[in-house]
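Q: Attaching a single structure in structure tokens format; questions to follow.
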Amino acid sequence: MFEKEVKELSEDEAKQELAYIASEMAKSDIAYYQNDNPYLTDAEYDSLKRRNEELEKIFPHLRRKDSPSQKVGAPILSAFKKVTHRFPMLSLGDVFSSEEVDDFIMGVKRFLNTSKDITFMAEPKIDGLSFSARYENGRFVQGATRGDGITGEDITENLKTIRQLPQYIEGNVPEILEIRGEVYMAKSDFFALNKKYQQEGKKTFANPRNAAAGSLRQLDAKITAERNLSIFAYTWGEVSERVWTSQEDFFKHLQEWGFPINPHNKLCQNLQEIEENFAKLSEIRSSLPYDIDGVVYKVNDIALQERLGFLTRTPRWAIAHKFPAEQAVTKINNIRVQVGRTGALTPVADLEPINVGGVIVSHATLHNEDEIKRKDIRIGDSVIIQRAGDVIPQIVSVIKEKRSQDSKEFIFPTTCPICGAHAIREEDEAVRRCTGGLTCPAQAKERIIHFVSRDAFDITGLGSSIIEDFYNDGILKNPADIFSLEERNQEGDLFSQQKSSVLHLEQREGWGKKSVEKLFQAITLKKKISLPRFIYALGIRQVGTATALLLARHYGTFAKFKQEMENKETGPLVSIDGIGASMATDIVEFFQEQHNQEIINRLLERITVEEYIDTTNYDSPLSGKTVVFTGTLEQMTRSEAKAKAQSMGAKVAGSVSSKTDYVIIGADAGSKAAKAQELGIKILSEQEFLELINK
Ligand code: IVH
């Protein structure tokens, strides 16, 4: 990772390295907690730590105050203190239709043995993450996340940075009062944050909810303070004396005490009012300044709530009525064809921009040419589009009655729109592919983007727009060029082909000494890479992270893998459990391509691919089991949990089926948890999962 031995360094160089290490490790400590976004691998972290120790041994007078060696410390994982909720933070049962809401209401009445109408408080279901704020004698003393509902994390300092949360409350305040609600990020704040991140080449958040989670669970509360977070209060936990008798009454108190409550909370006397309210909220949903994903109904009278009580994880007196996938009608202005990393031509519809559930949608994927035929989609058509969660918008159907005379059929190209090479569709394949290979600029760029992506080399600072610029200017033509960039920059020989008056990156618009240095540091940090990452990074067709891991496990070293591929036989690959004939052909063909061989050889001259040592514990309670994670995990990132499960011999699947053995549910688990329950699959809380793996 570092070019020179410590003893060869000058004092200045040592000083620089020490500063660099302190800052990288501090960043890593913070990022560790940022949702699903670790900054350094464990190996990198450890190697920085070791380098720091060596440096301080030889240059003791240069030790910094903020040196990682000076941090006495609890292991990173327990950096957030744990908080055990005095009353568990529960979740809600989900329903999706008014029939089910009716069933719920009937169930409540049956339980209470009454035929009278029951009043419900209907509240928009805010799509954020729940918090608890504890007040003692009116003073805010502790904040916590929901965690697994039993234990959460202490986020007192982070909550203090949210201006909407009162620090002191006055009036008729119980001695102990725990207020619960939702922390969220307004849509406008989310867009602004992502825009800023995009410009800085940082990874953007998928939606406001993730942005809120990533901002709140920051070890450094200063970062939370920089993000605009908001809250709505809606329920309570421990209270020394409950001075309210209904949910409506509770909201009045909240308002007096200065907590923000949602302006659309509404009392409903019967099913009809509930349905009308749901319809109204569905309509205004997209114009609300924050995301909501349904409506929560709570029995208003607390005496009745108490009689109704709880099921295992959810109250019997409340339910969440979720919105269906969001749809809207708009017009197709044009159909374009994009070329991906493996040459696949994907048709994309340019739409008349439209707001679908708070997100402006201006494109939708059309998948492939058959899809266009099957749905008879033409340019100029009015179509129903649908957005579900974070998924790319899709076209559900064409509104044929609205089709105008000048709507135009789309003729799918048989040549690549980027490089002009033939685009061929193999028999039995749905996609047409450009045959230009890496001479096709679209494929070449996409391949570099893939190479530096998060599960591959994970080079921060090489965002897709930078790659695009560097590619177009001839600075980066292929993945191997990344690791010669610094050398070429030093020699004033940046361009492999194009000539330009700019000889050094520092001279480029938007670049300076600092940013260039940072980029090189980010690249240097990745000169050592694990075998599965390296295989994945190559961008072989059909080889995702899971297959890369299979290959790494099977071969152990890249040299062995490469050597076997030189025999041009698919047989050995097919014998690996999990690799089929078509995938094997793609892998062998990849290695036969001369261009690929050259790039691999150039890469191997400059980087080290680590040997893969299989540490899987095949003798664990998870060995051979299929597990699914859902909801937000609080004590570890999803990737960590996944890695942990895999290291214990488990297969991690994305969806729940009858083959699933365990479903591990984090906060706000949705339909997967419900499905697991339906199928009678064993459900584990995050805590139970931890106990199982630590057995
Ligand atoms: S009440 C026992 N009210 O939805 C009742 N929850 O699926 C506990 N949520 O974890 C929750 N808006 O994060 C309640 N007005 C609202 C809500 C709400 C959003 C979230 C909350 C909870 C999840 C339950």
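Q: Among V337, V356, which is the only one that is more than 26 Å from the chain's Cα centre (by Cα) and either in contact (Cβ under 8 Å) with a residue 60 or more places away in the chain or open to solvent by 60 Å² or more (accessible area, probe 1.4 Å) (or both)?
A: From the options V337, V356, the qualifying one is V337.
Q: Residues that are within 27 Å of the chain's Cα centre (by Cα) and crowded, with 20+ Cβ neighbours inside 10 Å: find the helices (runs of 4 or more DSSP H) completely inside the range 482-594 holding 1 or more of those.
A: Result: 513-524, 531-537, 545-555.
Q: Still on this structure, I have one more. Output the residues belonging to the range 288-299 that are in contact with a Phe, Trp or Tyr (Cβ under 7 Å, 6 or more places away or on another chain) and near the ligand (Cβ under 9 Å from one of its atoms).
A: Hits for the range 288-299 are D293, G294, V295, K298.
Q: Looking only at the range 152-184, how many residues end up being surrounded by 17 or more Cβ atoms within 10 Å (Cβ to Cβ), under 21 Å from R638 (Cα atoms) and more than 13 Å from the ligand (Cβ to nearest atom)?
A: 2
Q: Between residues in the range 89-104 that are touching a residue at least 12 places away in the same chain (Cβ under 8 Å) and residues that are open to solvent by 40 Å² or more (accessible area, probe 1.4 Å) and part of a loop (DSSP other than H, G, I, E, B), which pairs lie under 8 Å by C-beta distance while being six or more apart or on different chains?
A: Within 8 Å, the pairs are L90/R313; S91/R313; S91/D668; G93/L311; F96/P324.
Q: So which of E182, E178, E157 is under 21 Å from D220 (Cα atoms) and in a strand (DSSP E or B)?
A: Selected residue: E182, the only one of E182, E178, E157 that is under 21 Å from D220 (Cα atoms) and in a strand (DSSP E or B).
Q: Among the numbered conditions (1) at pLDDT below 85; (2) crowded, with 17+ Cβ neighbours inside 10 Å; (3) of a type outside the set (D, E, K, R); (4) more than 16 Å from the ligand (Cβ to nearest atom), tell me where T615 comes up short.
A: Unmet for T615, out of (1) at pLDDT below 85; (2) crowded, with 17+ Cβ neighbours inside 10 Å; (3) of a type outside the set (D, E, K, R); (4) more than 16 Å from the ligand (Cβ to nearest atom): (2).
Q: Can you name the residue in the range 235-287 that is in contact with a His (Cβ under 9 Å, 6 or more places away or on another chain) and among the β-branched types (V, I, T) and, of all such residues, is nearest to the ligand (Cβ to nearest atom)?
A: I274
Q: Among the residues of the range 300-320, write down those that are within 11 Å of the ligand (Cβ to nearest atom) and surrounded by 17 or more Cβ atoms within 10 Å (Cβ to Cβ).
A: Q305, R313, P315, R316, W317, A318, I319, A320
Q: How many of the residues in the range 633-652 are open to solvent by less than 30 Å² (accessible area, probe 1.4 Å) and not in a helix (DSSP H, G or I)?
A: 7
Q: Is it true that some residue in the range 61-78 is over 18 Å from V239 (Cβ atoms) and in contact (Cβ under 8 Å) with a residue 60 or more places away in the chain?
A: Checking the range 61-78: at least one residue is over 18 Å from V239 (Cβ atoms) and in contact (Cβ under 8 Å) with a residue 60 or more places away in the chain.
Q: Among what's in the range 667-694 and is more than 16 Å from the ligand (Cβ to nearest atom) and in a loop (DSSP other than H, G, I, E, B), pick the residue that is most open to solvent (accessible area, probe 1.4 Å).
A: Filtering the range 667-694 for residues that are more than 16 Å from the ligand (Cβ to nearest atom) and in a loop (DSSP other than H, G, I, E, B), the one most open to solvent (accessible area, probe 1.4 Å) comes out as G680.
Q: So if I check each of V656, V627, which one is open to solvent by less than 50 Å² (accessible area, probe 1.4 Å) and either farther than 30 Å from V296 by Cα or not in a loop (DSSP other than H, G, I, E, B) (or both)?
A: Within the list V656, V627, the selection yields V627.
Q: Which condition breaks for S465 when tested against (1) free of Cβ contacts under 8 Å to residues at least 12 places away in the same chain; (2) surrounded by fewer than 15 Cβ atoms within 10 Å (Cβ to Cβ)?
A: The single condition S465 does not satisfy is (1).
Q: Which one of these does V141 not meet: (1) touching a strand residue (DSSP E or B) at 6+ places or on another chain (Cβ under 7 Å); (2) in contact (Cβ under 8 Å) with a residue 40 or more places away in the chain?
A: Status for V141: all satisfied but (2).
Q: Kindly check whether there is at least one residue in the range 375-383 that is in contact (Cβ under 8 Å) with a residue 60 or more places away in the chain and either touching an Asp or Glu at 6+ places or on another chain (Cβ under 9 Å) or away from the ligand (no atom under 16 Å from the Cβ) (or both).
A: No: zero hits.
Q: Also, I was wondering about something else. Tell me which of these I21 doesn't satisfy, since it passes every other one: (1) at pLDDT 75 or above; (2) within 16 Å of the ligand (Cβ to nearest atom).
A: So I21 meets the others, but not (2).
Q: Give the number of residues within the range 518-529 that are free of Cβ contacts under 8 Å to residues at least 60 places away in the same chain and touching an Asp or Glu at 6+ places or on another chain (Cβ under 9 Å).
A: Number of matching residues: 2.
Q: Mind checking which pairs have a first residue in the range 320-334 that is closer than 21 Å to S407 by Cβ and aliphatic (A, V, I, L, M) and a second that is modelled with pLDDT under 90 and more than 16 Å from the ligand (Cβ to nearest atom), Cβ under 6 Å, 6 or more apart or different chains?
A: A328/I354; A328/V356
Q: Oh, and also: Would you list the strands (runs of 3 or more DSSP E) that sit entirely within the range 33-151 and hold 3 or more residues that are modelled with pLDDT of 85 or more and within 16 Å of the ligand (Cβ to nearest atom)?
A: 120-126, 129-136, 139-145
Q: Give the residue, chosen from E238, E256, that is in contact (Cβ under 8 Å) with a residue 40 or more places away in the chain, in contact with a Leu (Cβ under 9 Å, 6 or more places away or on another chain) and more than 19 Å from K27 (Cα to Cα).
A: Matching residue, one of E238, E256: E238.
The values are calculated or read from the model by the stated rules, or taken from the named source; none is laboratory data. Bear in mind that the values here come from a model prediction, so they are computed numbers and not experimental data. No Cβ is skipped: glycine too gets one built from the backbone with ideal geometry, and neighbour counts run over all protein chains shown. Quick note on the areas: whole protein, heavy atoms, side chains included, nothing else; ligands and nucleic acids left out. Shrake-Rupley method; radii C 1.70, N 1.55, O 1.52, S 1.80 Å.
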